[in-house]
1. Every residue in region 30-68 that is farther than 17 Å from MET484 by Cβ, open to solvent by less than 80 Å² (accessible area, probe 1.4 Å), out of contact with any helix residue (DSSP H, G or I) (no Cβ under 6 Å at 6 or more places or on another chain) and at pLDDT 95 or above, please.
2. Go through region 74-140 and tell me which helices (runs of 4 or more DSSP H), entirely inside it, have 2 or more residues that are among the charged types (D, E, K, R).
3. Kindly check whether there is at least one residue in region 237-253 that is farther than 26 Å from LEU404 by Cβ, open to solvent by less than 10 Å² (accessible area, probe 1.4 Å), at pLDDT 95 or above and not basic (Lys, Arg).
4. Give the residue, chosen from ILE156, ILE129, that is at pLDDT 95 or above, touching a Phe, Trp or Tyr at 6+ places or on another chain (Cβ under 7 Å) and not hydroxyl-bearing (Ser, Thr, Tyr).
5. Taking the condition of being of a type in the set (A, V, I, L, M, F, W, C), out of contact with any Lys or Arg (no Cβ under 6 Å at 6 or more places or on another chain) and either buried (at least 19 other Cβ atoms within 10 Å of the Cβ) or at pLDDT below 95 (or both), how many residues in region 469-500 meet it?
6. What are the residues in region 454-465 that are open to solvent by less than 20 Å² (accessible area, probe 1.4 Å) and not hydroxyl-bearing (Ser, Thr, Tyr), if any?
7. Say whether the condition of being under 30 Å from GLY355 (Cβ atoms), open to solvent by less than 10 Å² (accessible area, probe 1.4 Å), touching a Pro at 6+ places or on another chain (Cβ under 8 Å) and assigned to a helix (DSSP H, G or I) is met by at least one residue in region 256-271.
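The values are calculated or read from the model by the stated rules, or taken from the named source; none is laboratory data. What you see is a predicted model; the values in this text were computed from it and never measured. Please note: Cβ atoms are built from the backbone with ideal geometry, for glycine as well, and neighbour counts cover all protein chains shown. Heavy atoms of the whole protein, side chains included, go into the accessibility calculation; ligands, DNA and RNA do not. Shrake-Rupley method; radii C 1.70, N 1.55, O 1.52, S 1.80 Å.
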Amino acid sequence: MNISPLQIERLKYAPKLPGMLRNGISEISVKEGEATTSAADQEKIQELFPNTYGKKEITFEKGANTSAAKKQVVGVILSGGQAPGGHNVVCGLYDALKATDSENVLLGFKGGPSGLLEDNYIEFTDDFIDQYRNTGGFDIIGSGRTKLETEEQFAIASEVCKKHGVTAIVIIGGDDSNTNAGVLAEYMAAHNTGVQVIGCPKTIDGDLKNEDIECSFGFDTATKTYSELIGNIQRDANSAKKYWHFIKVMGRSASHVALECALETQPSICLISEEVAAKKMSLSQIANYIADSVTARAKNGNNFGVVVIPEGVVEFVPEFSALIAEINELLAGSKADEFNALESWADKYAFIEKGLTAESMAVFATLPQAVQQQLFLERDPHGNVQVSLIESEKLFASLVADVLKERKAAGEYNGKFATLTHFFGYEGRCAFPSNFDADYCYSLGYNAFMLIQYGYNGYLSKISNLSAPADEWVAGGMPITKMMNMERRHGEDKPVIKKALVELDGAPFKYFEAHRAEWAVETCFTYPGAIQYYGPTEVCDLTTRTLALEKGLMK
């Protein structure tokens, strides 16, 4: 295996643990807190999770370890999209497991949850796992998006666990993956399998977050990576002084990534999907909002700027959301085959025009042809438009250009408007984790094994007080059911972990709101640069602006 000089050095990095986890396995005790209830729909969630609902939150502290000694065979699964730090969760889990008893075993199920169903795994050894410490990616065992949600799947998983003597499964994933972990935990408890299920909070989107989970792992590294790239582009824009850059960043359901990048780099414009929805902004209003900045900057002789766009923003525009819903209906069932059989775009356009309402057709007609066609690309498994395939960065660049043409004709604008577009997604998902994520993830994995050792099932590994130095972090666990509510999914009511959206009355958005008018007109770009792994603590262990603002550490 060829490795770079940076990886050689990163392999030597010793992640920092919370103080109470540094005492040694024999000196970690558990303190139980209050019983919990679900985030909403308490009666329904309790009915669905009779064996795992209402459990107590717990905190680990210094004291005699009172857990029952037994050999542990633990399985670990990486689920969903990659996020920096996943390898360190596995390493922390492995180290705690081996520190407790060298005979303990860690099995890595390959390719996500399907590895458990297909009995496809690897047994970790010191030599193997040492190659992946403090590195990015999920390539240690791979990931996948298979959902564990049916009785048949649970039965297969139970049999695989029984075959190998597995005592616990750790699922490292986002809100959907940890919802599945909660359902699997309930099944294991209801059928007296003796298998515990523990979750770890992962997602660069930052939407697995609540009063207990201060942030999901990977968010820090990904936003620092994107912010470095945005800062580089801003420096280029300020040098060339002739381009407006439209930059789309990850964030299908929430705008945490876009907001954090804006706080880091101070772009001319940053759209926040949740605000677009709250204000019921139309495509025209958004285009005019961006054009106002272009116009104001042109008056100052600045025909350049940067616009940051969250990936899923178009879904939050009411008229566009209605259009998508109508397209989903238009192509339902055999109609999709009829549409796909049409050879020319002109024929397809006529089909669309006939099937949409006048209101939605009016919206559709304003879109660039490339975006119109993207709305009819391959559907997702449920037959719906794949919004992530819509190049919204090009859409808004085009719509703003149209507005500026009208303003120029009316004598309201006399600048130059040339655009470049970008999408930052995969660039951030597998970066070398920042020191924060390396530490946080290692702690999550180490802590997950302590939950297993103490016999907990259906819990999420929880590390809090994250804005403080790692020595002051607090380790513990919370029942997964505490985060659940009922939502309508694919025509059925399902228990799910509630996604955390950007709070428009929260400190991070309020700070952004207070400064964006200046950023829209003046060149206020900041250039955060690359992630720093070595150097002063105040640089290397710097937390996100979002967390700093939420904890009152930044004004």
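1. VAL30, GLY33, ILE58, THR59
2. Details: elements: 86-100, 113-117, 126-129.
Output list reads 86-100, 126-129.
3. For region 237-253, residues farther than 26 Å from LEU404 by Cβ, open to solvent by less than 10 Å² (accessible area, probe 1.4 Å), at pLDDT 95 or above and not basic (Lys, Arg): absent.
4. Details: ILE156 fails: touching a Phe, Trp or Tyr at 6+ places or on another chain (Cβ under 7 Å).
Going through ILE156, ILE129 in turn, the sole match is ILE129.
5. Selection size over region 469-500: 7.
6. Residues satisfying the conditions are GLY458, LEU460, ILE463.
7. As a first pass, look at region 256-271 and keep what is under 30 Å from GLY355 (Cβ atoms): 271.
Checking which are open to solvent by less than 10 Å² (accessible area, probe 1.4 Å) leaves us with 271.
Add one more test, that the residue is touching a Pro at 6+ places or on another chain (Cβ under 8 Å), and what stays is 271.
Imposing the further condition that a residue be assigned to a helix (DSSP H, G or I) reduces the set to none.
Checked region 256-271: no residue is under 30 Å from GLY355 (Cβ atoms), open to solvent by less than 10 Å² (accessible area, probe 1.4 Å), touching a Pro at 6+ places or on another chain (Cβ under 8 Å) and assigned to a helix (DSSP H, G or I).
Condition check ((1) farther than 26 Å from PRO310 by Cβ; (2) in contact (Cβ under 8 Å) with a residue 60 or more places away in the chain; (3) open to solvent by less than 10 Å² (accessible area, probe 1.4 Å); (4) touching a strand residue (DSSP E or B) at 6+ places or on another chain (Cβ under 7 Å)) across all residues:
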site: ALA157; (1), (2), (3), (4): yes, no, yes, no
site: LYS162; (1), (2), (3), (4): yes, no, no, no
site: VAL170; (1), (2), (3), (4): yes, yes, yes, yes
site: ASP207; (1), (2), (3), (4): no, yes, yes, no
site: GLY218; (1), (2), (3), (4): no, yes, yes, yes
site: ALA222; (1), (2), (3), (4): no, yes, yes, no
site: LEU229; (1), (2), (3), (4): no, yes, no, yes
site: GLN234; (1), (2), (3), (4): no, yes, yes, yes
